[in-house]
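To start, the structure itself, in structure tokens.
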Amino acid sequence: MRVVVAPDSFGGTLSARAAAGAIAEGWLRAVPDARVDRLPLADGGTGFVDVLQERLGGTLHEPQVTGPFGDPVRAPWLQVGEVAYIESAAACGLHHVPRERRTPEVAGSVTTRGVGELVRAARAAGCTEAVIGLGGSATTDGGAGLLAALGA
């Protein structure tokens, strides 16, 4: 029997890699001779960079950027040759917003500025192309913060 385990992350509880490992472990307990292939996935939100680094390799950078409320956060991005893979959620994701602050008023006041700072860092590192995963964002500024960070 061959089983392909291909989960995304489990909303703030398990990374895609951890979820794939747990599911594969369960399959192997039930069917010890099964061939279980782990293929963690990401929809562009939290875990996007981790999943890509596992498959593509590359260099992980982890600068400090502006978080959704203007405070500093660490946000990794991946460099593979001249291509930057940027996870917007790392800079402005829901995981930076406590549950009690997840309101329409807060959503209207947070920023994507940190994503623009990641693009700027990638450009400074010599990247000529950026792939940005858009998912899990806590913002509704339509990228205005990103553009402002790039000088618009």
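Residues of the stretch 109-152 that are open to solvent by less than 20 Å² (accessible area, probe 1.4 Å) and within 16 Å of the chain's Cα centre (by Cα): T112, G114, V115, G116, L118, A122, G133, G135, A138.
Answer yes if at least one residue in the stretch 84-101 is more than 16 Å from G47 (Cβ to Cβ), small (G, A, S) and open to solvent by 20 Å² or more (accessible area, probe 1.4 Å), and no otherwise. So far as the stretch 84-101 goes, no, none of its residues is more than 16 Å from G47 (Cβ to Cβ), small (G, A, S) and open to solvent by 20 Å² or more (accessible area, probe 1.4 Å).
Yes or no: the stretch 63-75 includes at least one residue that is under 28 Å from A148 (Cβ atoms), hydroxyl-bearing (S, T, Y) and surrounded by 15 or more Cβ atoms within 10 Å (Cβ to Cβ).
Residues of the stretch 63-75 that are under 28 Å from A148 (Cβ atoms), as a first pass: 63-75.
From the residues that got through so far, the ones that are hydroxyl-bearing (S, T, Y) too are 66.
Filter once more, keeping what is surrounded by 15 or more Cβ atoms within 10 Å (Cβ to Cβ): 66.
Within the stretch 63-75, one or more residues are under 28 Å from A148 (Cβ atoms), hydroxyl-bearing (S, T, Y) and surrounded by 15 or more Cβ atoms within 10 Å (Cβ to Cβ).
Every residue in the stretch 27-43 that is farther than 15 Å from P7 by Cβ and of a type in the set (G, A, S), please.
Answer for the stretch 27-43, where residues must be farther than 15 Å from P7 by Cβ and of a type in the set (G, A, S): A30, A34.
Taking the stretch 29-56 as the range and being open to solvent by 30 Å² or more (accessible area, probe 1.4 Å), over 20 Å from L134 (Cβ atoms) and either among the small types (G, A, S) or in contact (Cβ under 8 Å) with a residue 60 or more places away in the chain (or both) as the test, only A30 passes.
All conditions in (1) aliphatic (A, V, I, L, M); (2) open to solvent by 50 Å² or more (accessible area, probe 1.4 Å); (3) more than 18 Å from G47 (Cβ to Cβ); (4) modelled with pLDDT of 95 or more hold for L60, with the sole exception of (3). Among the residues of the stretch 5-16, not one is at pLDDT 90 or above and open to solvent by 60 Å² or more (accessible area, probe 1.4 Å).
The values are calculated or read from the model by the stated rules, or taken from the named source; none is laboratory data. Only a predicted model underlies this, so the values are computations on that prediction, with no experimental measurement involved. Glycine gets a Cβ as well: all are built from the backbone with ideal geometry, and neighbour counts include every protein chain shown. Remember, those area values only see protein heavy atoms, side chains included, never the ligands or the DNA or RNA. Shrake-Rupley method; radii C 1.70, N 1.55, O 1.52, S 1.80 Å.
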